[in-house]
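Beneath this line is the structure, given in structure tokens, with notes to follow.
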Amino acid sequence: MASPWATPEQLRKHLKLPAIDTDQASTTIAAAETVIRGELEQTIDLVADDTIVLVGNGRTVINLPERPVTSVTSVTEDGTLLVAGTGYRVNRYGILTRLGARWPLDAEITGIYSHGYATIPAIVKQVCLQVAGRAWVRPSTAVAAESLGDRSITYDKDRTGEALTEYELRILRPYARGNESR
């Protein structure tokens, strides 16, 4: 995975603390990144030459699941290599358009493409710091359920601060992907 979206020092400044345990802060930041990626169903970080296998839908367009799309190396349709500009085109929003035809229903569409952000957008980084800050202030002590046999504990993310707020979800919406692409 790419480098962290925020540093322990940035978390320390965000929380206005005189000092911070850098190992614990790094773990908390990584957990916040995981929560955000999960909510957005996006990697966010730059990924080069990712391979995706999609299923043809009988339409002229199909959505690549990750965005922004920075480049497409190749697209094949049931093993046949398509030529960019005559067989297909793609835009940065991940809309893969079949030119002169439709994507055959149930055909295997394989694409190799690069996607994500080389520099994490400032608003995504800020939300990461907010989530990590809440988790730091309210550590995982909010037990929602506990079992005794074979010891099982379930934590309530809302009470630990790890859940995204409605406001955070709203400002991150442009970085999420619609259901049709998944």
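The values are calculated or read from the model by the stated rules, or taken from the named source; none is laboratory data. Predicted model only: the values in this text are computed from it and were never measured. So basically every Cβ, Gly included, is an ideal-geometry build from the backbone, and we count neighbours across all protein chains shown.
Going by the structure shown, is ILE120 within 21 Å of ARG177 (Cβ to Cβ), in contact (Cβ under 8 Å) with a residue 60 or more places away in the chain and assigned to a loop (DSSP other than H, G, I, E, B)?
When the stated conditions are applied, ILE120 passes them.
Right, THR141: modelled with pLDDT under 95, hydroxyl-bearing (Ser, Thr, Tyr), part of a loop (DSSP other than H, G, I, E, B) and more than 23 Å from GLN42 (Cα to Cα) or not?
Criteria met by THR141.
So how many residues does region 70-94 have that are under 30 Å from LEU172 (Cβ atoms) and touching a Ser or Thr at 6+ places or on another chain (Cβ under 9 Å)?
The qualifying residues number 11.
Condition check ((1) free of Cβ contacts under 8 Å to residues at least 24 places away in the same chain; (2) not assigned by TED's automatic domain parsing to the domain that holds VAL124) across all residues:
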| position | (1), (2) |
| --- | --- |
| LYS13 | yes, no |
| ALA32 | no, no |
| ARG59 | no, yes |
| GLU66 | no, yes |
| ALA84 | yes, yes |
| ARG92 | no, yes |
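I'd like to know if region 108-129 contains one or more residues that are over 26 Å from ALA2 (Cβ atoms) and at pLDDT 95 or above.
yes
Among (1) part of a loop (DSSP other than H, G, I, E, B); (2) of a type in the set (Phe, Trp, Tyr); (3) at pLDDT 95 or above, there is one condition TYR167 misses while meeting the rest; what is its number?
Of the numbered conditions (1) part of a loop (DSSP other than H, G, I, E, B); (2) of a type in the set (Phe, Trp, Tyr); (3) at pLDDT 95 or above, the odd one out for TYR167 is (1).
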